[in-house]
Each structure stands twice: as C-alpha cells, then as structure tokens.
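*Asks:* Dropping a structure here in structure tokens format, bear with me for questions.
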Amino acid sequence: MKAHPKSASADLAALLAQRLGEALLRERIVPRFVDSYVVEHGRFGLQVHAALYRDLLTLLQREALLAMSVRAMEIAESAAASGGANVPVRTRRKFAAAFQLQYLAALTRQQRWNAGDALEFQADLQMYRAILAKAGPSRRARKPFEVANHPFVDRCAFLLDSSFLEKARVAASRSLTGLETLTTEIAQEILQAPSDPKSPTTR
C-alpha cells in the first residue's frame, strides 16, 4: 500500500473500520468467548443478572475492538513500509500516523461515540500499542494452553472473572487468537489488494 492521496486513504480507513466493526458483531466472538467460559468453568453467576451481563459484553466488545484496531494498524504500517524503497522512512511513518487518525475518525462515526468516548478509545489504543512495543514482536503461533502477553488478555480477564484470573486469562488468550486472525484477513484484503488502475489502492 503506497501513500495515497488523502481522500483515498480516508476511504480505505473508513472501509477498514466498517468491516472490522461488522465482523466483530457478525462473528459473535465476544459472546461466544464469555458463554464458553461460563460453561467450561461453571461460572453461571456471571449470567444471572441480565443487565450486568449486557454491561460485561459491552465492555469486552470495546476491548475486542481495541485489540482488532492494534492489529489492523500493525498491518497498515507494514503495508505502507512495503510501498517502495524510494519512499523515505519518515514519509511512511507520517502516512501511517495519518491513516490511524483517519481510521479512528471513521470508527468514531460508525460507533456513534461522543468526543469523550473517542478520546478515551484513542488513549487506550496508544496504551495498547506502547505495551506491545515494549514487549517486542511475537507473531509465532501460540499453543492452546499458552497465555498471550497482551493487554487484551489481562484487561479482559479482570473484567470477566477477577476471582479466577488465570482461567479467565487463558480463555481471553484464545479469544485474542480469533480476533487477530479475523482482523488479519480483513485488513490484508483491504490494504494489500492487487493493483487496479481504476482503484486508488495499490499493493
């Protein structure tokens, strides 16, 4: 993905935000994650109060969207970096930063967030990325019992079931694998599409 004109880049960012949001709801990753955890560990009390259960799902959906956004931005930066050796590193970084802002603006519109919600999500996204950058790259396949070193895992486990934190972390790690796989498929399809002379997107 080369550095496109601003309007074309914004279109890609908006499409990415839309597709990720739709996929998260369509695939029901978060409800399935919670329901399977409840059944596997007999934690049926988590679903007793309908209002509290809905609130839990809402919080976890937001964490899932953060995890998907982090992975999507990694792919966007990788695609920008492969845009050509003649493009200066500074230019590629500037494009990646601008793309993230465009993506967040599109996500804000689609999720119907107010300014406070948008700023809070942006701050959490930066926090996620800072933690992962400090931990260093790790894209090898995880074993089913292996817990990912990822802020999504720790935050979701605490929200889900702080009394059984390690079990919740294992479940959250499995959910993260599904989220990252789905995000990778969508983001690569949008950002690394084959060249089309009628399209603003080039590989």
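Here is a yes/no grid of residues against (1) modelled with pLDDT under 95; (2) of a type in the set (Ser, Thr, Tyr):
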residue: 9; (1), (2): yes, yes
residue: 14; (1), (2): no, no
residue: 39; (1), (2): no, no
residue: 46; (1), (2): yes, no
residue: 51; (1), (2): no, no
residue: 55; (1), (2): no, no
residue: 59; (1), (2): no, no
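*Asks:* Is it true that some residue in region 77-98 is within 18 Å of residue 189 (Cβ to Cβ), at pLDDT 90 or above and of a type outside the set (D, E, K, R)? Lay out the reasoning, then the answer.
*Replies:* The first filter runs over region 77-98 and keeps only residues within 18 Å of residue 189 (Cβ to Cβ), leaving 77-80, 82-83.
Pick out the ones that are also at pLDDT 90 or above and you get none.
No, region 77-98 has no match at all.
*Asks:* Do we find that residue 55 is more than 18 Å from residue 186 (Cβ to Cβ) and either out of contact with any Lys or Arg (no Cβ under 6 Å at 6 or more places or on another chain) or exposed (fewer than 15 other Cβ atoms within 10 Å of the Cβ) (or both) in this structure?
*Replies:* Spelling it out, residue 55 is indeed more than 18 Å from residue 186 (Cβ to Cβ) and either out of contact with any Lys or Arg (no Cβ under 6 Å at 6 or more places or on another chain) or exposed (fewer than 15 other Cβ atoms within 10 Å of the Cβ) (or both).
*Asks:* Checking residue 47 against (1) more than 28 Å from residue 162 (Cα to Cα); (2) in contact with a helix residue (DSSP H, G or I) (Cβ under 6 Å, 6 or more places away or on another chain); (3) free of Cβ contacts under 8 Å to residues at least 60 places away in the same chain; (4) not aromatic (Phe, Trp, Tyr), which single condition isn't satisfied?
*Replies:* The number of the failed condition is (1).
*Asks:* Applying the selection to region 146-157, what residues are more than 16 Å from residue 128 (Cα to Cα) and of a type outside the set (A, V, I, L, M)?
*Replies:* 146, the sole residue that qualifies.
*Asks:* With respect to residue 119, determine if the residue is in a helix (DSSP H, G or I), modelled with pLDDT of 95 or more and either buried (at least 16 other Cβ atoms within 10 Å of the Cβ) or touching a Gly at 6+ places or on another chain (Cβ under 7 Å) (or both).
*Replies:* No, not satisfied.
*Asks:* How many residues does region 9-51 hold that are closer than 29 Å to residue 190 by Cβ and surrounded by 15 or more Cβ atoms within 10 Å (Cβ to Cβ)?
*Replies:* Total meeting the criteria: 19.
*Asks:* Specify the residue that is modelled with the highest pLDDT; the eligible residues are those in region 145-160 that are part of a loop (DSSP other than H, G, I, E, B) and under 15 Å from residue 180 (Cβ atoms).
*Replies:* Restricting to residues being part of a loop (DSSP other than H, G, I, E, B) and under 15 Å from residue 180 (Cβ atoms), the top hit is 150.
For every residue, the table says whether it meets (1) of a type in the set (Lys, Arg); (2) out of contact with any Leu (no Cβ under 7 Å at 6 or more places or on another chain); (3) at pLDDT 90 or above.
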residue	(1), (2), (3)
125	no, no, yes
128	no, no, yes
132	no, yes, yes
138	no, yes, no
142	yes, yes, no
165	no, yes, yes
179	no, yes, yes
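The values are calculated or read from the model by the stated rules, or taken from the named source; none is laboratory data. Model, not experiment: these values are computed from the prediction. Cβ atoms come from the backbone with ideal geometry, glycine included; neighbour counts cover every protein chain shown.
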